[in-house]
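**Student:** First the structure, which I've put down as structure tokens, then a few questions once you've had a look.
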Amino acid sequence: MEQEIITQPQLGHLLELMTELGSIADNLVLVGGQAARLLNLTKRGTKDFDFVLNVVALREITQPISDTLTKLGYQVVQESRMFQFYKQISVTPDQQIRLEFLASEKEKRPKKDDFRVDVQEDLHARACAGAEIALNESDFILLSGVLPNGKTATAKIRLIRPYALLMLKLFAMDDRYRNIRGPKEARHDREEARIHTDDIIRIVRHQIQNPDFKGLFWSQFSREQELEKRSRNIISEYFADLNAPGIQLYREFLQAQGTGNIDEAEVERALREMRLLL
């Protein structure tokens, strides 16, 4: 496993968090953009660390995770209602480390418009479709690097597998494209949908030549038929043809990179590779 795919200072702060949590960290699975970097699926920079939590186990642990976050200098992102935290890592305002916690939507609060999951006192998670699969489809890896205090460290971390990450990215793209958070978030959601689409295409491109990948992707839904149906529908609809929403989002992503004219051969290749999943 290449150690510098996540670069400093982000790597150092990830190691710091895992070290301070100790065995509690076994109940966190790294997903999202940073997981894609560790899996060598993208080099896109991100300040966010997204974790799927094993809520059932964490509710039995008496040591509050929020105490560890406070000790390390993290603060609650107020509008998140205790499922996002940030830490300023330099005097430059945009230099932050951000944590977001996710958990099974089956554990979310019963109120219809409340998407939070209660984890511990002073700690929530955002309900996430497919979180239980992410917990099952993960592996422990070792990361080494330099802590923020300058000391070297090695820490164990649970990392989502590529086909499970693909599932989460499909759901995230769909949610953002449909702008389920409402008109005020429309612009941001569209931008996020483009990024998720690029991640999806990168994951498939790196993995589709593996003869086991397609089977592993679909077999993860053995106990989650509704999620399998949703995944199949998303791939079928978003990547139906060159005019489908997923391909349109990919074109928009490429255009935003400022590379000039879009390479239509690249777009057609992306469509062919996505269709191989079906």
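The values are calculated or read from the model by the stated rules, or taken from the named source; none is laboratory data. As the structure is a computational prediction, the values presented were derived from the model and not from experiment. Using ideal geometry, Cβ is built from the backbone for each residue, glycine included, and neighbour counts are taken over all protein chains shown. Calculation scope for accessible area: heavy atoms of the full protein, side chains included, ligands and nucleic acids excluded. Shrake-Rupley method; radii C 1.70, N 1.55, O 1.52, S 1.80 Å.
**Student:** Whole number in Å², please: accessible area per residue of the chain, 1.4 Å probe, ligands, DNA and RNA not counted.
**Tutor:** Roughly 50 Å² per residue, with all protein chains present.
**Student:** Based on DSSP, what percent of beta bridges with both residues in the chain are antiparallel, to the nearest 5?
**Tutor:** Around 70 percent antiparallel, to the nearest 5.
**Student:** Please give the Cα centre distance for the stretch 226-260 versus the stretch 1-51, rounded to the nearest Å.
**Tutor:** 27
**Student:** When the gyration tensor of the stretch 102-168 is built from Cα positions, what are the square roots of 5 times its three eigenvalues, in whole Å, from largest to smallest?
**Tutor:** 29, 18, 8
**Student:** Under a cut-off of 12 Å between alpha-carbon atoms, report the aspartates and glutamates in cross-link reach of residue 156, not counting same-chain residues fewer than 8 places apart.
**Tutor:** Within the straight-line cut-off, residue 156 pairs with 16, 20, 26, 139.
**Student:** Right, another one. Probe radius 1.4 Å, ligands and nucleic acids left out: which of 206, 188, 124 has the largest accessible area, and how do the rest follow?
**Tutor:** Correct descending sequence by accessible area is 206, 188, 124.
**Student:** Sum -39500 (n - 2.57) across every DSSP H segment of at least 4 residues in the chain, then divide by the residue count to get the 222 nm mean residue ellipticity, nearest 500.
**Tutor:** Result for the chain, helices only: -13000 deg cm²/dmol.
**Student:** If the limit is 31 Å between Cα atoms, which of 87/214; 106/184; 71/108; 111/214; 111/229; 43/108 go over it?
**Tutor:** 87/214; 111/214; 43/108
**Student:** What is the gain in length, in nm to one decimal, between residue 278 and residue 68 on full extension, counting 0.36 nm per residue of separation less the C-alpha to C-alpha distance?
**Tutor:** The span from residue 278 to residue 68 would gain 71.2 nm if fully extended.
**Student:** Given a 1.4 Å probe and every protein chain left where it sits, what share in percent of the accessible area of the chain is carbon and sulfur?
**Tutor:** 48
**Student:** Next up: Restricting attention to the stretch 182-238, which trypsin sites (Lys or Arg not before Pro) occupy a DSSP loop and are surrounded by at most 12 other Cβ atoms within 10 Å?
**Tutor:** Listed in order of number, the matching sites are 223.
**Student:** Note down the net charge around residue 117, summing +1 for each Lys or Arg and -1 for each Asp or Glu among other residues with Cβ under 13 Å from its Cβ.
**Tutor:** Cβ neighbours under 13 Å give a net charge of +2.
**Student:** A follow-up question, please. Using Stokes-Einstein with the Kirkwood hydrodynamic radius over Cα pairs, what translational diffusion coefficient do you get for the stretch 1-108 at 4 °C and a viscosity of 1.567 mPa s, in µm²/s rounded to a whole number?
**Tutor:** 88
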